[in-house]
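Engineer: Can you keep this structure in mind? I'll have questions shortly.
The values are calculated or read from the model by the stated rules, or taken from the named source; none is laboratory data. Treat the numbers as computed from the prediction; the structure is a model and nothing was measured. Please note: Cβ atoms are built from the backbone with ideal geometry, for glycine as well, and neighbour counts cover all protein chains shown. For accessibility, only protein heavy atoms count, side chains too; no ligands or nucleic acids. Shrake-Rupley method; radii C 1.70, N 1.55, O 1.52, S 1.80 Å.
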Amino acid sequence: MGIDINAILNKMYEYLATYWLQVVGAIIIFVVGRWVAKLVSKVVAKVMTKAKIDATLVNFVQDLCYVAMLAFVVIAALEKLGVDTASFAVVIGAAGLAIGFALQGSLGNFAAGVILIIFKPFKVGDFVELGGKMGTVKEIQIFNTILSSPDNVRVIVPNSQVTGSSIMNYTVNGTRRVDMVVGVSYEDDLKKARKVIEDILAADSRILKEPAPTVAVSELGDSSVNFVVRPWVNSTDYWSVRFDTIRDVKMALDKNGITIPFPQRDVHMKGTAPKA
């Protein structure tokens, strides 16, 4: 049985003759609505860019605005054609709710990513501790933050964990204090030991003059008198100054005859010695 092309064309002509106003109206709604959606999304992006919001968030919000407005435009055009959009909207709403529950964790990461991009508690290149992980920030994404650990391991931290815990930024203030403890023997001259340590700090150009370094007796330990040694340095010099100072203090104390004690145990034997 062949297809009657003429019958189909006649039906189409009848439909257009009856509903041509609705068809033209739907086309106009779609074309104008799409243009308005593009215009509004571009205006939103321009405003966010002027507010110096991260480009990643700007692009995402621009696309989200366009898609959301275009969905309303399509529904309005279908309604103009006489399509029952009420059930259509219910289906879309139910699907959106189901997707929302399925992507609950991802949506939480997204919301946290937006907060991080807007408030900027850290930036790329900062050395931070996030969600219990420490490293240099390489990327701040919508869902995750990428760190490079001190031993060059790539660490991906979900943004919900970042905002849900303490954020420690070791770079933002520009300077850091290096905390060290140096123990000397009870028999040694404390003034001499302090002078030796202060000379080591004064000789290092990386150690800041202000705030001045602190060298003070902090504790009378079980086997040593302990000094706290606390110089201030630029954040980028922290580890190199720490390692070099520990080495130089040890060598200088040895050179000046000052002992760095270590725990020792004396064992006393009681009773008569066994016969040979």
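Engineer: Where the centroid of each part is defined by its Cα atoms, how far is region 37-80 from region 180-211 in Å?
Structural biologist: Comparing the Cα centres of region 37-80 and region 180-211, I get a distance of 62 Å.
Engineer: Using amide H atoms built in the peptide plane, which far-off residues or other-chain residues are under 5 Å from N144 H to H?
Structural biologist: Excluding prolines and chain starts, which carry no amide H, the hits are N159.
Engineer: Let me ask something additional. Which residues in region 124-141 have a backbone N closer than 14 Å to a point placed 7 Å from the Cα of N59 along the Cα-to-Cβ line?
Structural biologist: Hits in region 124-141 for N59 at 14 Å: 140-141.
Engineer: Once R0 is set to 41 Å, what does the formula 1/(1 + (r/R0)^6) return for the Cβ-Cβ distance between F72 and K52, expressed as a FRET efficiency to the nearest 0.05? Write down the numbers at each step before the final one.
Structural biologist: Numbers: r = 30 Å, r/R0 = 0.73.
With R0 = 41 Å, the Cβ-Cβ based efficiency is 0.85.
Engineer: Can you tell me how much longer the chain between Y186 and S149 gets when fully stretched, taken as 0.36 nm per residue apart minus their C-alpha distance, in nm with one decimal?
Structural biologist: Result for the pair: 9.3 nm of gain on full extension.
Engineer: Continuing with the same structure: Once amide H atoms are placed 1.01 Å from N in the peptide plane, what residues at a sequence separation of 5 or more from D126, or on another chain, have their amide H within under 5 Å of its amide H?
Structural biologist: Those lying under 5 Å, H to H, from D126 are V137.
Engineer: Moving to a separate point now. Given a Förster distance of 51 angstrom, what is the FRET efficiency for I246 paired with K42, based on the Cβ-Cβ distance and rounded to 0.05?
Structural biologist: On the way: r = 58 Å, r/R0 = 1.13.
For I246 and K42, the calculated efficiency is 0.30.
Engineer: For region 105-216, with every protein chain kept in place, what is the accessible area per residue (1.4 Å probe, Å²)? All intermediate terms of the calculation are to be shown ahead of the outcome.
Structural biologist: On the way: 6270 Å² over 112 residues.
Per-residue value: 56 Å².
Engineer: Give the calculated FRET efficiency between S223 and S166 to the nearest 0.05, with a Förster radius of 41 Å applied to their Cβ-Cβ distance.
Structural biologist: On the way: r = 36 Å, r/R0 = 0.87.
Given R0 = 41 Å and the Cβ-Cβ separation, E is 0.70.
Engineer: Could you give the nm distance between label points at L81 and A212, where each point is 7 Å from its Cα heading toward the beta carbon?
Structural biologist: Computed distance between label sites L81 and A212 equals 8.3 nm.
Engineer: Now a separate question. Which lysines, if any, have their Cα less than 21 Å from the Cα of K42, not counting same-chain residues under 8 positions apart?
Structural biologist: K50, K52
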